[in-house]
Every structure is written in C-alpha cells, then in structure tokens.
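Report on one structure; see the data block that follows.
The values are calculated or read from the model by the stated rules, or taken from the named source; none is laboratory data. Just so you know, these numbers come straight off a predicted model, no measurement behind them. For neighbour counting, all protein chains shown are included, and Cβ atoms are generated from backbone atoms with ideal geometry for every residue, glycine included. Calculation scope for accessible area: heavy atoms of the full protein, side chains included, ligands and nucleic acids excluded. Shrake-Rupley method; radii C 1.70, N 1.55, O 1.52, S 1.80 Å.
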Amino acid sequence: MNTTYLSLEIKRIVRSPQFTIFTIGMPVAMFVLFGSIFGKLIAPNGLPADVQTMINLAAYGASGGALFTGTRVAQERTDGWQRQLRLTPMRGSGYLVVKVISAMAVALPVLVVVFLAGLAMGVHMTAAQWGLVLVSLWAGVLPFAVLGLAIGLFGKGDTVGAVTGALMMPLGMLGGLWIPLYVLPDWMATLAHFFPTYWLGRLGLEPLAHTGGMGFAVLVLAGWLVVPALVVVRRFRLDTARL
C-alpha cells in the first residue's frame with residue numbers, strides 16, 4: 001500500500017466543500033433538529049432519546065461519508081485512472097485498500113463532530129461509554145466503505161454522487177436512523193431490519209443498552225461486508241482485464 005497516495009487521498013476528501021457541508025454538516029443539523037424534538041423521551045431500551053438520536057445520526061453521517069468515497073472511484077474510472085495505475089508500482093489490491101482506508105478515515109471525524117454536538121446539547125455518558133460507542137460505530141462503517149467502493153466501480157463519475165445521495169435517504173429513514181422506530185408504525189420497525197444502517201445503529205447502541213444483540217448485529221454487518229467485497233474484487237479484475 002502506498003502511504004503517500006493514501007495521505008493525498010484523505011486530504012483531497014477532507015478539503016472538499018461537499019465533505020464539510022453534507023458529510024459533517026447534515027448529520028449535525030439533523031441531530032440538533034431531531035434531538036430537540038425527541039430529546040425528552042425515553043426509548044423502550046431505557047436510554048434517553050437524545051442519546052439514541054445522537055448515536056443514530058452519528059451512524060448515519062459516518063456511513064454516508066464512507067459510501068460517498070465511491071464517487072471518487074467512479075470519477076477516476078471515467079478519467080482513465082486505472083490505465084495510469086498500471087504504469088505505477090502500486091498494485092490493484094493496494095489501490096482498493098487505499099480507497100477503503102480513506103473511507104474509514106473520512107468516517108472518523110464525522111463521528112467525533114456529531115459526538116461533540118451531543119456534548120454541547122447535554123448528552124451524558126461515561127468516558128468509557130463514549131469510547132466504546134465510538135469504536136463500535138467506526139468498526140461498523142467498514143461494510144459501507146466496501147459498498148461505496150462497489151458502487152463506484154459500477155457507476156460513472158457524473159452519476160454515482162446522485163445515486164449514492166438517493167440511496168442514503170432510505171438507508172437513513174427506513175433504517176431507523178432519522179426517526180426513532182418506537183414512534184413509527186410496527187411495519188416500519190420490521191422493515192428496518194433489512195437495512196444495514198439499522199444494524200450499524202444497533203452496534204452503536206449496544207454498549208449502552210446491553211440488549212444482547214451485539215453478536216447478531218456483527219454477523220449481519222459481516223454479511224454486508226463479504227458480499228460487496230466479492231463484487232469489488234470481481235469487478236476490478238474485469239475492469240483491469242479490459243485495459
């Protein structure tokens with residue numbers, strides 16, 4: 001893996017206005033809005049609603065940031081970057097690893113900023129709980145990084161951003177990250193189980209709720225990791241074989 005290329009890739013992303021406005025600004029604004037609406041409620045798992053809302057929207061922002069990395073992959077494919085890649089010492093596997101790591105790196109500041117917003121709005125957790133939730137959510141973002149890479153390898157540079165943005169709406173709303181599922185109809189709570197964002201939210205809540213669902217959430221997210229990873233490897237090999 002080329003660490004210089006990785007560093008440049010991360011800098012390109014975080015310096016983008018879209019990163020600041022949409023990837024960080026939107027989940028923070030949504031937390032402020034929904035936190036003020038639902039913040040006084042107590043969730044069925046016993047957690048204050050402002051805590052659960054903060055964790056869910058941190059999960060939403062981090063997963064969205066990881067997915068949007070696919071936009072750069074699609075643009076690089078459109079610009080012929082993979083042809084140039086063959087002229088460099090970097091192997092194809094190194095290129096894919098850099099993309100996944102950069103997506104994970106992008107997700108981390110999103111989590112931190114949303115958590116800082118939570119602190120500012122009076123969310124209370126112990127230091128250990130803050131750390132466990134942060135690590136759980138960040139680790140859980142990995143499937144979204146690989147899924148974003150898969151989308152980028154199939155799409156075109158001028159369309160993938162719109163496709164990913166459209167995808168994030170049902171992932172957030174139907175996955176139970178925007179509005180607490182316990183205030184929605186039962187059929188929506190059932191439907192949420194089919195979305196990976198629901199399980200990412202569960203992963204982040206488990207260090208506080210202790211519902212015993214950590215293992216199953218990890219298993220589901222592992223499935224969302226393995227299948228896109230196989231697709232990425234297959235697609236990348238087909239792309240490079242055509243060059």
Note down all Cβ pairs under 8 Å where the first residue falls in the stretch 196-208 and is without any contact (Cβ under 8 Å) to a residue 60 or more places away in the chain and closer than 16 Å to Gly64 by Cα, the second is assigned to a helix (DSSP H, G or I) and of a type in the set (Asp, Glu), and they're at least six residues apart or on different chains. none
For Val114, indicate whether it is over 14 Å from the mean Cα position of the chain (by Cα), open to solvent by less than 20 Å² (accessible area, probe 1.4 Å) and either touching a residue at least 40 places away in the same chain (Cβ under 8 Å) or under 22 Å from Met30 (Cα atoms) (or both). no
Restricting to the stretch 117-135, what's the tally of residues that are among the β-branched types (Val, Ile, Thr) and open to solvent by less than 30 Å² (accessible area, probe 1.4 Å)? 2
Where the second residue is polar (S, T, N, Q) and open to solvent by 60 Å² or more (accessible area, probe 1.4 Å) and the first is in contact (Cβ under 8 Å) with a residue 24 or more places away in the chain and lies in the stretch 221-237, which pairs have Cβ atoms under 7 Å and are six or more apart or on separate chains? none
